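Reviewing the structure listed below.
The values are calculated or read from the model by the stated rules, or taken from the named source; none is laboratory data. As the structure is a prediction and not an experimental result, all values here were calculated from the model. All Cβ positions, even for glycine, are placed from backbone atoms using ideal geometry, and neighbour counts span all protein chains on display. For the accessible areas, the whole protein counts, side chains as well, though only heavy atoms, and no ligand, DNA or RNA atoms are used. Shrake-Rupley method; radii C 1.70, N 1.55, O 1.52, S 1.80 Å.
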Amino acid sequence: LFTANIGTRDVSVLDRASGELITKVPCGDGVEMNLLTPDGKRLWACNQDESTITVIDVETHEVVETIPCPGLPVRVTYTSDGATAFVASWSDEGYCVVYDVPSSKEIARIPVGRQAIGIAISPDERRVFVGCEHTDGVHVIDVATLSVEAKIMTGDGSDAMAIWYPPAP
């Protein structure tokens with residue numbers, strides 16, 4: 001079990017069965033969100049106040065890389081094959097920053113509206129939804145073109161999101 005600790009600038013690694021603290025992995029200022037890569041080998045931890053992402057090896061609990069990320073990276077999601085990561089950057093400009101995961105290289109920076117914070121990928125992986133915290137709603141990104149195809153107006157403060165598709169009849 002991994003938990004980001006914003007106050008102590010680290011990620012705690014816990015034994016899920018016993019609850020025992022195994023170690024704490026130093027990250028950066030404002031480490032808030034972390035997510036395992038789909039293969040379960042790496043953990044990306046977003047350091048919002050440092051504009052970086054700490055990449056942790058899950059087996060060794062060691063930092064293997066620190067990736068620069070513009071703005072304030074707060075949330076991350078991946079394609080199911082683990083090839084691409086989408087990061088919401090909570091800043092006045094508001095971006096969805098797209099990375100090639102194997103190389104850790106930025107491949108696109110998509111403007112999405114002020115204070116991009118929530119992020120989710122559709123089950124068919126054709127769209128990424130980025131919620132902006134104030135009045136900019138949810139921006140819908142076409143994954144094939146890496147461009148905004150639509151904007152859905154929501155109430156003020158859209159943050160965490162979940163996607164649900166009803167079962168087929």
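Key figures
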read-out	value
About the Cα centre, charge dipole magnitude for the chain (Lys/Arg +1, Asp/Glu -1 at Cβ), debye	240 debye
Rounded to whole Hz, the Karplus (6.51, -1.76, 1.60) HN-Hα couplings of segment 15-29, x for glycine and proline	6, 5, 6, 9, x, 5, 6, 7, 6, 10, 9, x, 10, x, 4
Per residue value of the accessible surface for the chain (all protein chains in place, 1.4 Å probe), Å²	50 Å²
Structure-derived Rg and Dmax of the Cα atoms in Å - corresponding label in [x] 16.7, 61; [y] 15.9, 49; [z] 19.0, 56	[y]
Stretch gain in nm, segment Thr3-Ala150, where the contour uses 0.36 nm per residue and the Cα spacing is subtracted	49.6 nm
Paramagnetic reach from His134 (point 7 Å along Cα→Cβ, amide N under 13 Å) across segment 81-96	91-94
Segment 1-129 - percent of accessible surface contributed by carbon and sulfur, probe 1.4 Å	48 percent
Stretch gain in nm, segment Asp159-Val58, where the contour uses 0.36 nm per residue and the Cα spacing is subtracted	33.6 nm
Partners for Lys41 among lysines (Cα-Cα distance below 27 Å; same-chain residues under 8 apart left out)	Lys24, Lys105
